[in-house]
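One structure is given below, encoded as structure tokens.
The values are calculated or read from the model by the stated rules, or taken from the named source; none is laboratory data. Just so you know, these numbers come straight off a predicted model, no measurement behind them. Using ideal geometry, Cβ is built from the backbone for each residue, glycine included, and neighbour counts are taken over all protein chains shown. When the accessible area is computed, the model is the full protein with side chains, heavy atoms only, and any ligands, DNA or RNA have been set aside. Shrake-Rupley method; radii C 1.70, N 1.55, O 1.52, S 1.80 Å.
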There are 2 protein chains.
Amino acid sequence: MKIIFYDIPSRLPLKAWSPNTWKTRYCLNFKGLPYQTEWVEYPDIEPLCKKLGVSSARTVDGTHSYTLPAIHDPSTGVSIANSFDIAEYLDKTYPNTPLIFPHNTAGLQAPFALAFGSNMRPLLNFLIPTECEKLNPRSSEYFRRTRERTFGKKLEDLAPQGPDRVREWAKVERGLGKADAWLRKNGGSGPFMLGTTPCWADFVIGGYMAWIKSALGEESEEWKDIASWHDGRWKMFIEGLKKYENVV
Amino acid sequence: MKIIFYDIPSRLPLKAWSPNTWKTRYCLNFKGLPYQTEWVEYPDIEPLCKKLGVSSARTVDGTHSYTLPAIHDPSTGVSIANSFDIAEYLDKTYPNTPLIFPHNTAGLQAPFALAFGSNMRPLLNFLIPTECEKLNPRSSEYFRRTRERTFGKKLEDLAPQGPDRVREWAKVERGLGKADAWLRKNGGSGPFMLGTTPCWADFVIGGYMAWIKSALGEESEEWKDIASWHDGRWKMFIEGLKKYENVV
């Protein structure tokens, strides 16, 4: 029985785009578990999560936050949200598939998304304004309305312009530079954090990479920049993750 | 030939107190390497580091930051500063002793101190004001002068008072609660991040614990609070690290 993986569609050929749901797709592909994606438009996420009885571990202003990814595993009857919690569930339920948290490293990897995300914050203003045009109309309207309320401005006004854009992009480079320094600490034993085999931290980074690629496009100057930074680190990293990028 | 470990003395019976140098002491004791502590007062740190030719990886306002810990290893002729860099050096130079970064996890553990430290920030205002009275006069004067310049206020005015103190202490509890959640992810396999054997992340937490104990005292309400929090997590954690706390 296939796991049902709930993701948010875009109008791009690949459909997939969200950095958070990408983490779960990487996990499912990495473990080689049979699954099927069910595409859910933004306004349908909350009703779906309520039906499944799941909510993200993260609450916003004290109320439940309904976001994807979520999965339903018909083999166990379990429904679960939050990419980290899903990864832990998959390792525990399917211990004979490759481990996302090898050597009992779940605790050690738990703060990684926060640390990496905090370095990557300047990136958000480059990516978020591009989302609306890539989503289907119902999601696009929902995304714009909720995000403009959060940021208190038009999404288009988030995107840095002119010299500001150059400065902010340099911050993105510095943020990835810190991740490059972490990755280098494996002594060149492979493109990933622990060497040749990816783990949770790599899927976190991979989720951002997939998001950048879908938001700005492979022909963008920014995507070419990234491939050239840090001695080709990201080119090698992205190549290494390709075999876990099947969208089914 | 013994490694020389440079640490900052206090007037407490144990002398040791600094969370950063404690990390290195934990590493040296954990690896069972022969070493000898050389105690360095604050104003003597910069001349010592210049003599050794070391500076912390961290720069402040673009200039070198001279802090301890540092070590000099006469077996290799290497001098090195920064607790993380020292730990990496020790693992690489002495690979047949217990590994601080087992399973190639140095990169994965690199952001840990930042993530944990950011949760622990409210703690600093409780601890920093107590330091001066515990240092020897030359260090005490130096510490007060430089820290009051950094914080722009008298050290005594950093300490939260009254209802504010209760609120800030609750933030410390919440911060440790996040670390408790990370530690719980090892599935109860031991008091430490990876189970029964400590690693770098545990020495980071241990350094804070040792600092709290030296700053507030084992008889303080705060220390008793910590022992009672999170189902006795920290009592168990502190007990587990005891055998690596020899000060030589």
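Kindly establish whether B:Leu14 is assigned to a loop (DSSP other than H, G, I, E, B) and over 16 Å from the mean Cα position of the chain (by Cα).
The answer is no for B:Leu14.
Name the residues in the range B:85-101 that are of a type outside the set (Asp, Glu) and touching a helix residue (DSSP H, G or I) at 6+ places or on another chain (Cβ under 7 Å), would you?
Result: B:Ile86, B:Ala87, B:Leu90, B:Tyr94, B:Thr97, B:Pro98, B:Leu99, B:Ile100, B:Phe101.
Kindly provide the set of residues from the range A:191-205 that are part of a loop (DSSP other than H, G, I, E, B) and facing another protein chain (nearest Cβ under 9 Å), ordered by number.
If the condition is that a residue be part of a loop (DSSP other than H, G, I, E, B) and facing another protein chain (nearest Cβ under 9 Å), then A:Met193, A:Leu194, A:Cys199 are the ones that fit.
Of the conditions (1) away from chain B (no Cβ under 11 Å); (2) out of contact with any Cys (no Cβ under 9 Å at 6 or more places or on another chain), A:Leu90 fails just one. Which one is it?
(2)
With the checklist (1) within 14 Å of another protein chain (Cβ to nearest Cβ); (2) under 25 Å from B:Asp85 (Cα atoms); (3) in contact (Cβ under 8 Å) with a residue 24 or more places away in the chain in hand, flag the one item A:Ile100 doesn't pass.
(2)
Would you point out which residue out of A:Asp231, A:Asp225 is open to solvent by 30 Å² or more (accessible area, probe 1.4 Å), under 23 Å from B:Pro111 (Cα atoms) and not aliphatic (A, V, I, L, M)?
Selected residue: A:Asp231, the only one of A:Asp231, A:Asp225 that is open to solvent by 30 Å² or more (accessible area, probe 1.4 Å), under 23 Å from B:Pro111 (Cα atoms) and not aliphatic (A, V, I, L, M).
Are there any pairs, at least 6 apart or on different chains, whose C-beta atoms fall under 6 Å, with the first in the range A:139-150 and closer than 20 Å to A:Asp7 by Cα and the second open to solvent by 60 Å² or more (accessible area, probe 1.4 Å) and of a type in the set (Gly, Ala, Ser), and if so, which?
Sorted first by the residue in the range A:139-150, then by its partner, the list stays empty.
Considering each of B:Leu176, B:Leu114, B:Leu108, B:Leu183 in turn, give the residue that is within 14 Å of chain A (Cβ to nearest Cβ), assigned to a helix (DSSP H, G or I) and open to solvent by 70 Å² or more (accessible area, probe 1.4 Å).
Residue meeting the stated conditions: B:Leu114.
Restricting attention to the range B:195-221, and to residues there that are open to solvent by 30 Å² or more (accessible area, probe 1.4 Å) and not β-branched (Val, Ile, Thr), which single residue is farthest from B:Thr24 (Cα to Cα)?
Keep residues of the range B:195-221 that are open to solvent by 30 Å² or more (accessible area, probe 1.4 Å), which gives B:196-197, B:208, B:213, B:216, B:218-219, B:221.
Next, from what is left, pick out any that are not β-branched (Val, Ile, Thr): B:208, B:213, B:216, B:218-219, B:221.
Working: B:Tyr208: 13, B:Lys213: 17, B:Leu216: 22, B:Glu218: 22, B:Glu219: 26, B:Glu221: 28 Å.
The residue in question is B:Glu221.
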